[in-house]
Amino acid sequence: MRFFAGQLFKFIMLMVAVSMVSFALVSLSPTDPVQMNVGQVAYLNMSEAKRAQLAEYWGVNTPLWERYAHWASAALHGDLGTSLRYNAPVVQVIATRFVNSAALMSVAWLTSGIFGLLLGILAAVRRGGWLDRAVKAYCFLLASVPTFWLALLVLIVFSVWLGIFPLGFSVPIGVAPADVTLADTLHHLMLPALTLSVVGVANIALHTREKTIDVLESDYVRFARTRGESTATIIWRHGLRNLALPALTLQFASISEIFGGSVLVEQVFSYPGLGQAAVTAGLGGDAALLVGIALISAATVFGGNLIANLLYRLIDPRMRPASRRPALNLMRRKTGASHE
């Protein structure tokens with residue numbers, strides 16, 4: 001109970017800090033939100049009265065603390081404000097965009113976890129061979145490649161040269177939402193999701209490789225080999241139970257990387273998700289929308305890290321509170337008594 005109370009306190013403090021920093025960054029930005037949203041030509045041809053009216057609408061001259069206090073008071077009642085760039089409630093914009101981002105990140109998250117686990121096991125089983133060297137080279141190369149560069153390369157090859165996938169967007173251009181099929185959605189989702197998943201494979205594969213090597217060098221695996229069990233049988237019966245939970249824990253902890261990479265991928269593929277909306281809000285000075293996206297992003301990453309911490313506590317008894325480790329405490333008391 002104390003653990004969850006502490007996590008709740010951290011979550012509240014995180015939300016407050018993220019909202020304050022987001023508001024401060026928008027206010028300190030040298031970008032004029034009025035000029036950015038109406039265009040430079042229209043702004044120059046606009047009267048002073050109209051400029052003052054738009055400046056008041058965008059809250060340019062309102063002090064930061066006053067805008068933040070007004071927003072925080074409304075946010076406590078569930079109102080995150082109105083997006084000035086999309087002319088709609090922030091909750092509505094986030095709900096629409098979050099569905100697209102959630103689909104993109106879920107496919108990338110699952111794909112990177114599965115392929116990372118398989119590649120790590122194969123590299124460890126063929127340790128020192130060409131397959132092991134190829135997997136390590138692949139992981140090290142991906143870890144050093146910028147996400148946006150890889151997305152541009154994939155877009156050029158598979159969309160421009162080969163024409164297999166569309167150039168962007170989440171649905172076909174010119175098609176009514178009611179006429180969009182599941183196949184159309186998956187066709188537009190596949191390339192950005194695969195691009196995002198390729199980047200997340202490296203950490204899972206390298207971690208699984210090291211863990212698999214430790215398992216294969218353990219005493220119970222040596223005993224299983226003496227009984228004539230094959231490597232595949234050993235991995236299936238003895239290895240997966242020791243590899244799945246650590247890999248899953250690391251996978252939940254990597255949600256922040258998936259979330260950060262999705263911003264760049266969505267920009268390259270013009271995919272209408274939270275990442276693209278965040279860039280639009282930042283460039284246009286839309287503080288309410290930017291803060292709302294920052295909050296939902298921080299909450300998602302916090303949830304992933306919380307699940308990872310809970311899994312760590314289940315895997316490693318040493319991370320549990322002392323009151324929940326009676327066997328370890330009893331052993332320590334007996335050891336101390338024998339020394340006395």
How many residues of segment 157-187 are under 29 Å from Ala143 (Cβ atoms) and in contact (Cβ under 8 Å) with a residue 60 or more places away in the chain? The answer is 3
Looking only at helices (runs of 4 or more DSSP H) that lie completely in segment 1-73, which have at least 2 residues being at pLDDT 80 or above and within 22 Å of Gly303 (Cβ to Cβ)?
2-28
Among the residues that make up segment 178-192, is at least one of them under 21 Å from Val301 (Cβ atoms) and surrounded by fewer than 19 Cβ atoms within 10 Å (Cβ to Cβ)?
no
Quick check, is Ser230 in the same structural domain as Ala123 (by TED's automatic domain parsing) and over 29 Å from Arg97 (Cβ atoms)?
yes
Consider segment 46-64. How many of its residues are loosely packed, with under 15 Cβ neighbours inside 10 Å and farther than 19 Å from Asp286 by Cβ?
5
Residue, surrounded by the most Cβ atoms within 10 Å (Cβ to Cβ), within segment 204-234, restricted to residues that are under 30 Å from the mean Cα position of the chain (by Cα) and more than 24 Å from Ile255 (Cβ to Cβ):
Val215
So Tyr57 clears everything in (1) at positive phi; (2) not assigned by TED's automatic domain parsing to the domain that holds Ala183 except one condition, right? Which one?
(1)
What are the residue pairs meeting all of these: first residue in segment 45-59, first residue touching a residue at least 24 places away in the same chain (Cβ under 8 Å), second residue assigned to a helix (DSSP H, G or I), Cβ atoms under 6 Å, and 6 or more apart or on different chains?
Trp58/Pro33; Trp58/Val34; Gly59/Arg67
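The values are calculated or read from the model by the stated rules, or taken from the named source; none is laboratory data. Keep in mind that this is a model prediction, so the values were computed, not measured. Virtual Cβ from ideal backbone geometry, glycine too; neighbours counted across all protein chains shown.
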